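In what follows, a single structure is set out as structure tokens and then discussed.
The values are calculated or read from the model by the stated rules, or taken from the named source; none is laboratory data. Keep in mind that what you see is a predicted model, and the values were worked out from it rather than measured. Cβ placement follows ideal geometry from the backbone for every residue including glycine, while neighbour counts extend to all protein chains displayed.
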Ligand SMILES: Nc1nc(=O)n([C@H]2C[C@H](O)[C@@H](COP(=O)(O)O)O2)cc1CO
Ligand SMILES: [Zn+2]
């Protein structure tokens, strides 16, 4: 149909076909995608920090979802501790980050031009995956560890490669999703 035709059609007016109105209080796309990332985070078995990631195509299709987890079959065989005499006895060398898992779980061959919604600012290792895969934008909920070298290195990598990083701001005025629930009640929202 031509643009003229589309303007003349019923969709161009506020009146609706039929008598039942469609719901209007649905989530806007960004809120929907971050809500998916938050929901994914809730699947994490990490007792301290649960992270979710959602890769979205330029056509607003979800093409990958992940959360931080131990590699398959490793959940019980590896430590969940944050601290130990040796780093080898902490969770850090073993855990697979949300962003990596979202990439591993992708349903398309190519994620170039996609964006990624993440509940935590990515680390340097995930930044490399994001850059190499052609994801061009990072939308994060919280920058919880801005002073960690991993975060600072990630920011350098993103700045150098022109990858746009922005803090998520909910679009919906009424907040139907408790985005920060994944960080617990006392988490600072300003980061
Ligand atoms: N962007 C991220 N994606 C992630 O999946 N993680 C994971 C790794 C750990 O399982 C957890 C951080 O643990 P903690 O240091 O807050 O107890 O979050 C961490 C970050 C932050 O760089
Ligand atoms: Zn990471």
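Some values worked out for this structure:
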{"quantity": "So residue 138, is it within 11 Å of ligand 2 (Cβ to nearest atom) and in a strand (DSSP E or B)", "calculated": "no"}
{"quantity": "Within the stretch 92-106, tally of residues that are in a loop (DSSP other than H, G, I, E, B) and either more than 19 Å from residue 55 (Cβ to Cβ) or within 11 Å of ligand 2 (Cβ to nearest atom) (or both)", "calculated": "5"}
{"quantity": "Matching option when the condition is at positive phi and assigned to a loop (DSSP other than H, G, I, E, B), among 147, 73", "calculated": "73"}
{"quantity": "Condition met for residue 128 (over 20 Å from residue 180 (Cβ atoms), more than 9 Å from ligand 1 (Cβ to nearest atom) and part of a helix (DSSP H, G or I))", "calculated": "yes"}
{"quantity": "Test: residue in the stretch 116-124 that is over 23 Å from residue 169 (Cβ atoms), crowded, with 19+ Cβ neighbours inside 10 Å and touching a strand residue (DSSP E or B) at 6+ places or on another chain (Cβ under 7 Å)", "calculated": "no"}
{"quantity": "Matching residues in the stretch 22-37 - criterion: being without any contact (Cβ under 8 Å) to a residue 24 or more places away in the chain and under 26 Å from residue 99 (Cα atoms)", "calculated": "32"}
{"quantity": "Hey, residue 150 near ligand 1 (Cβ under 9 Å from one of its atoms) and either under 12 Å from the mean Cα position of the chain (by Cα) or closer than 21 Å to residue 50 by Cα (or both) or not", "calculated": "yes"}
{"quantity": "Filter result (more than 20 Å from residue 181 (Cβ to Cβ), without any contact (Cβ under 8 Å) to a residue 60 or more places away in the chain, surrounded by 15 or more Cβ atoms within 10 Å (Cβ to Cβ) and within 15 Å of ligand 2 (Cβ to nearest atom)) within the stretch 44-89", "calculated": "64, 70"}
{"quantity": "Lone qualifier among 2, 24, 86 - being at pLDDT below 95 and farther than 30 Å from residue 139 by Cβ", "calculated": "2"}
{"quantity": "Residue ID - nearest to ligand 2 (Cβ to nearest atom), chosen from residues in the stretch 107-122 that are touching a helix residue (DSSP H, G or I) at 6+ places or on another chain (Cβ under 7 Å) and not in a loop (DSSP other than H, G, I, E, B)", "calculated": "118"}
